[in-house]
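Asks: Structure below; questions to follow.
The values are calculated or read from the model by the stated rules, or taken from the named source; none is laboratory data. What you see is a predicted model; the values in this text were computed from it and never measured. Every residue, glycine as well, gets a Cβ built from its backbone with ideal geometry; the counts of neighbours run over all protein chains shown. Just the protein is used for accessible areas: all its heavy atoms, side chains included, with ligands, DNA and RNA removed. Shrake-Rupley method; radii C 1.70, N 1.55, O 1.52, S 1.80 Å.
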Amino acid sequence: MTNPVSCHRDGGVLVISVDNPPVNALSHAVRNGVCDALGTVGDSSAVVLACAGRTFFAGADISEFGKPPMAPSLPDMIAALEDCPVPVVAAIHGTALGGGMETALGCDFRVFDAKARCGFPEVDLGIFPGAGGTQRTPRLTGLDPAMEMCVTGKPIDAKKAAKIGLADSIATEDVLASAIEFARSVSNKRRVRDMDNPEADEAASESWRKFAMTRRRGEHAPLLAIEAVEASITLDVDAGLDKERDLFIGLITGQQSAAMRQLFFAERMAAKVNGLDTTPKPVKSVGVVGSGTMGGGIAMAFANAGVPVTLFDANAEALKNGLARIAKLYADSAAKGRMSEADRDARIARITPASGYDGFADSDLVIEAVFERMGVKKAVFAELDAACRPDAILGTNTSYLDVDEIAASTREPSRVLGMHFFSPANVMHLLEIVRGAKTSGDTLATALAVSKAIKKVGVVSGVCHGFIGNRMLKGYGREAGLLMIEGASPEAIDAALYEFGMPMGPMAMADMAGLDIGYDNRKSLVAGEDFEPLASAVQDKLVEMGRKGQKTGAGIYKYEAGSRVPIPDPDVDAMAEAVAKEYGITRREIGADEIVERCMLALVNEGALLLGEGIAQRGSDIDVVYANGYGFPRWRGGPMCYADSLGLDHVLERVRAYAAGPHSKWWTPAPLLAQLASEGGRLSGWSKP
Ligand code: CAA
C-alpha cells in the first residue's frame with residue numbers, strides 16, 4: 001500500500017502532506033505516516049501540516065470504528081504534534097471536521113483558507129469529539145462557542161473560526177504558501193494544552209443543556225459533550241482528556257452510535273444503484289408544473305441550489321399566489337438572518353413564471369406537482385410530452401399513483417420517473433426517486449445526481465401504491481387507528497410514539513396533514529383488501545362532519561384559533577367507543593409498550609415485504625427514507641435497524657402473535673423476515689441479490 005504521507009522541505013520548513021482520497025480521513029496509514037514524518041524534523045525551524053485534494057482531514061476514518069484499535073491512535077498522533085520540538089502550523093482548506101479539527105488543535109497554529117470550514121459533526125454519529133476536542137477547544141474559545149460546536153455539530157466558516165480564536169490567520173490566496181510563510185514568522189511553540197482553563201459559564205451550560213434536551217431529544221451524545229466540555233473548567237488537561245475518553249468510549253460502544261454510523265454510510269450507499277453505470281445528463285434549468293405548497297417548495301429547493309426554475313400553473317391566480325408565497329418565505333428567512341438580502345433577491349430572481357407549457361421548451365428537467373388525481377396527471381404529462389425537448393427528463397411528484405400509468409401518457413416513457421419530495425420540499429432532505437418499468441438508466445442516474453446537487457438524499461423505489469415511505473406508513477396508521485377503537489386515547493397513542501422518539505404521534509400527524517388526504521386516498525382503494533375500514537372509522541366520520549384536522553380547527557383533536565396545539569376532545573373518545581360497540585369490540589386499557597410495538601412492527605413487517613418484492617434495493621434504503629422523510633429518530637437508525645436491534649427472531653415471534661389475534665389478515669409475517677430470522681441475518685444489512 002502506498003504511503004499517503006509525504007514530506008518536503010521549503011527553506012527551513014518541513015511540509016508534511018497527506019493525500020488520502022476522497023476526504024483525507026485519518027486512517028491508520030495516515031496516523032502512522034504523520035508520526036513517522038514528525039520524526040524527520042531534524043533542524044527544520046517549523047512544520048506545516050497540509051492535505052492534498054478537496055479537503056483537510058474530514059475526521060477519523062469512520063469505517064475503522066468498531067474494529068480493534070491500531071496504534072498510533074488519533075490521540076497518540078495529536079500528542080506527537082504537540083511534542084514536536086518546533087512550532088507546527090496546520091494549513092486548512094475544505095472542511096476540518098471532527099478528528100481533523102482535533103488534529104489542527106494539536107498544532108500550535110492554524111491558517112485557514114478563506115473558504116474553509118471547521119466543526120465537530122460527531123454528534124450526528126452518536127459520539128462527541130474524543131481526541132481532545134472537548135478540552136482544547138474551550139481553552140481557545142471559551143465555553144459557549146465550544147459547546148455550540150460540540151452540541152449542534154454545525155460547521156463554522158473561517159471568519160467565525162478567527163473570531164472565536166480557532167483560526168490564527170486567514171489566507172486570501174494559496175493556503176499552503178500562506179501557512180509556510182506563517183511558519184517562518186513564528187519561533188515559539190504555542191500549545192493549546194498549555195493554555196489556561198476556561199472560565200465557568202453557567203448560562204451557556206444551562207442553555208446548551210436545554211437545547212440538547214429539546215432539539216436533540218433522546219440522544220446521549222450532546223449531553224455528554226456538555227459534561228466533557230465542562231470538565232475543562234476545573235481539570236488539568238490530562239485529567240480532562242481522561243474524562244473525555246471515558247465518556248467517549250461509553251458512547252462509541254453504544255447502540256445509538258452504531259445506529260447513527262450505519263445511517264451515515266446508508267445515506268451514501270442509497271445513491272448507488274446496482275448495475276447503473278450511466279453518466280448523468282447535465283441539468284442546468286428546471287421546470288415545475290403546479291405552484292401550490294409542493295410545487296413552490298420544489299422550485300425553492302432548486303433556486304436554493306443555484307438552478308434557474310420556470311414555474312407554471314394552469315390557474316393564473318394560483319401562480320400569482322404561489323410566487324407571492326415563495327417571496328414571503330424568502331423574505332422571512334432573510335428577516336431572521338438566515339440569508340443576506342442580496343441572496344434572497346438572487347433566489348427569488350431564479351424563479352421565472354411561465355404562461356404556458358411552452359415556457360418549458362429549454363428545460364432539462366420538468367417536475368409535475370399538480371393535484372393528486374390520475375386523470376389530471378396524465379393530461380399534464382401529455383402536455384409536457386408535446387412541449388418539452390425530446391431529451392428532457394419528466395418527473396412526477398405523485399405520492400401514491402402509478403408512475404408507469406403516468407409515463408404511458410407520453411411517447412417516450414423511458415424519460416419519465418417519480419420524484420417524490422416531502423413537504424416542505426425546500427427543507428426536507430428526502431427525495432424518493434421512483435423507477436418506472438420503462439425508466440432508462442440515463443433518466444435514473446440524472447435524477448440521483450440532481451438529488452445530490454440540491455442537497456437531498458435520493459432513495460430509489462420501485463412502483464407500488466405509496467412507494468417505500470407511504471406504503472409502510474399505511475400499517476403504522478392502521479394500528480394507531482385500531483388502538484384508538486380498542487381503548488387507547490389519541491393522546492396516549494401520540495405520547496407513546498413521541499416518547500419512542502418520533503417528532504409527533506400519528507394522530508397529531510394526521511391532523512397536521514389533513515384527515516381528508518387519507519379519506520380521499522381510501523376512496524381509490526378497496527376496503528378490506530387494501531385498507532382496514534375499522535381503523536379509519538373515526539377519521540371517516542370526522543371528515544364527513546367537516547373536521548379535517550388543523551386546517552379546519554378540529555380533527556382528531558381540537559385547536560384554538562391560530563394555534564397548532566392539540567387539545568384532546570372527549571367527543572372523539574365517545575365516537576371511538578361507539579365504533580367499538582358497533583363492531584362488538586370490548587375496550588380495554590392499552591399500555592405504551594403495546595402501542596409502540598404494534599405501530600413499529602407493522603412498519604417493519606411491511607418494510608420486509610416490500611424488500612422481498614424488490615421495491616427497495618436494500619434494507620438500509622428504508623432506514624434512510626424513514627430517518628429523512630418521516631422523522632424516525634436517527635439514534636434508532638431507522639425501522640429496519642430498530643428491528644435488528646430487537647432481534648429478528650423476537651420480531652418474528654411478536655408478528656406471529658399478532659397474526660394469531662383479531663386482525664390476523666394484516667399480520668402475515670413477511671417471507672424475508674422469516675428467512676432472515678432463521679438465518680440470523682439483519683434487515684438493515686440486506687440487499688437485493
Ligand atoms: N471516514 C470514512 N469515510 C468517510 C468519511 C470519514 N470520516 N467522511 C466521508 N467518507 C467517505 C464517504 O463514505 C464517501 O464514500 P463513498 O464515496 O464510498 O460513498 C466519500 O468519503 C465521500 O463522502 P461524501 O459523499 O459525504 O462527500 P461530500 O463531498 O458530499 O462531503 C464531507 C464531504 C463534508 C467531508 C462529508 O463526507 C462528511 O461530512 N464526512 C463526515 C465528517 C465527520 O463526521 N467527521 C467526524 C468523524 S468522527 C471523528 O472524527 C471522531 C473523533 O473525534 C475521534
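Asks: For region 462-586, report the convex hull volume of the alpha-carbon atoms normalised per residue, in Å³, without decimals.
Replies: Per residue, the Cα convex hull of region 462-586 comes to 112 Å³.
Asks: What does the charge add up to near residue 578, with Lys and Arg as +1, Asp and Glu as -1, over the other residues with Cβ less than 12 Å from its Cβ?
Replies: Here the count lands on -1.
Asks: Treating the beta-carbon of each Lys and Arg as +1 and of each Asp and Glu as -1, no other charges, what is the dipole magnitude of the chain about its Cα centre, to the nearest 20 debye?
Replies: Dipole of the chain, to the nearest 20 debye: 1160 debye.
Asks: Quote the charge dipole size of region 443-567 about the Cα centre in Debye, to the nearest 20; the model charges only the Cβ of Lys and Arg (+1) and of Asp and Glu (-1).
Replies: Charge dipole, region 443-567, about its Cα centre: 620 debye, nearest 20.
Asks: Separate question: Have a look at 669, 275, 481 and report the one farthest towards the positive end of the charge dipole of the chain, computed about the Cα centre with Cβ charges (Lys/Arg +1, Asp/Glu -1).
Replies: The listed residue farthest towards the positive side: 275.
Asks: In addition: Taking amide H positions as placed in the peptide plane 1.01 Å from N, state which residues far from residue 419 in sequence (5 or more) or on other chains have amide H under 5 Å from it.
Replies: 396, 397, 398, 434
Asks: Another question, if that's okay. Can you tell me which of 511-524, 585-598, 386-399, 430-443 comes out highest on packing, and rank the rest after it, using the mean Cβ neighbours within 10 Å?
Replies: The densest-packed peptide leads the list: 430-443, 386-399, 511-524, 585-598.
Asks: Could you give me the ³J(HN,Hα) list for region 41-58, computed from phi with Karplus coefficients 6.51, -1.76, 1.60 and θ = phi - 60°, whole Hz, x at Gly and Pro?
Replies: Residue by residue, region 41-58 yields 4, x, 9, 4, 7, 6, 10, 10, 9, 9, 10, 8, x, 7, 7, 5, 3, 8 Hz.
Asks: Tell me which residues come under 5 Å, amide H to amide H, from residue 616 once H is placed; ignore anything under 5 positions away on its chain.
Replies: So residue 616 has HN proximity to 462, 611.
Asks: Tell me, Kirkwood radius of region 163-240 from alpha-carbon pair distances, in Å?
Replies: 15.7
Asks: Quick one: 3J(HN,Hα) in Hz for region 215-222, Karplus 6.51/-1.76/1.60 with θ = phi - 60°, rounded, Gly and Pro as x.
Replies: Computed from phi, the couplings for region 215-222 are 6, 10, 4, x, 8, 7, 4, x Hz.
Asks: So what are region 54-165's ellipsoid semi-axes, whole angstrom, largest first, if each one is the square root of 5 times an eigenvalue of the alpha-carbon gyration tensor?
Replies: 20, 17, 14
Asks: Plugging the Kirkwood radius over Cα pairs into Stokes-Einstein for region 120-170, at a temperature of 20 °C and a viscosity of 1.002 mPa s, what D comes out in µm²/s?
Replies: Taking Rh from Cα pairs, D becomes 194 µm²/s.
Asks: Right, another one. Roll a 1.4 Å probe over the protein chains and send me the accessible area per residue for the chain in Å².
Replies: Heavy-atom SASA per residue in the chain reads 42 Å².
Asks: When a/c reaches 1.5 or more, the comparison of a/b and b/c decides; with that in mind, is the chain rounded, prolate or oblate per its Cα gyration tensor?
Replies: Taking the square roots of the gyration eigenvalues as a ≥ b ≥ c, the chain is prolate.
Asks: Using helices alone, what [θ] at 222 nm do you get for the chain, with -39,500 (n - 2.57) per DSSP H run of 4 or more residues, divided over all residues and rounded to the nearest 500?
Replies: Helices in the chain give a 222 nm mean residue ellipticity of -14500 deg cm²/dmol.
Asks: How big is the shadow of the Cα convex hull of region 175-295, averaged over all directions, in nm²?
Replies: 16.1
Asks: With a cap of 15 neighbouring Cβ atoms within 10 Å, and only residues DSSP puts in a loop, list the GluC sites (Glu not before Pro) found in region 187-279.
Replies: Here the GluC sites (Glu not before Pro) that fit, given the DSSP loop and packing criteria, are 199.
Asks: Would you mind checking the pairs 328/455; 378/523; 523/665; 438/665; 377/452; 159/456 and listing those with alpha carbons more than 24 angstrom apart?
Replies: Distance filter (> 24 Å) returns 438/665; 377/452; 159/456.
Asks: Here is a further query. Output the peptides 564-573, 75-84 sorted from most to least packed, where packing is the average of other Cβ atoms within 10 Å over each peptide's residues.
Replies: 75-84, 564-573
Asks: Let me know the shape class of region 445-509, please: from the alpha-carbon gyration tensor, a ≥ b ≥ c as square roots of the eigenvalues, rounded when a/c is under 1.5, otherwise prolate if a/b is greater than b/c, or oblate.
Replies: Because a/c hits 1.5 or more and a/b fails to exceed b/c, region 445-509 counts as oblate.
Asks: Now for a different question. For the chain, which whole percent of the accessible surface, found with a 1.4 angstrom probe, sits on carbon and sulfur atoms?
Replies: 53
Asks: For region 87-219, compute the orientation-averaged projected area of the C-alpha convex hull (one quarter of its surface), in nm².
Replies: Across all orientations, region 87-219 yields a mean hull projection of 7.8 nm².
Asks: Let me ask you something else. Can you work out the Karplus-derived ³J(HN,Hα) for every residue in region 620-632? Use 6.51 cos²θ - 1.76 cosθ + 1.60 with θ = phi - 60°, whole Hz, and x for glycine or proline.
Replies: 5, 5, 5, 4, 5, 4, 6, 6, 9, x, 10, x, 4
Asks: Let me ask something else. When a/c reaches 1.5 or more, the comparison of a/b and b/c decides; with that in mind, is region 570-613 rounded, prolate or oblate per its Cα gyration tensor?
Replies: It comes out prolate by the Cα gyration axes.
Asks: Additional query: Can you tell me the relative contact order of region 390-547? Whole percent, Cα pairs under 8 Å, sequence separation 6 or more.
Replies: 16
Asks: Here is a further query. Could you size up the charge dipole of region 1-78 around its Cα centre, putting +1 on the beta carbon of Lys and Arg and -1 on that of Asp and Glu, and report it in debye to the nearest 20?
Replies: 140
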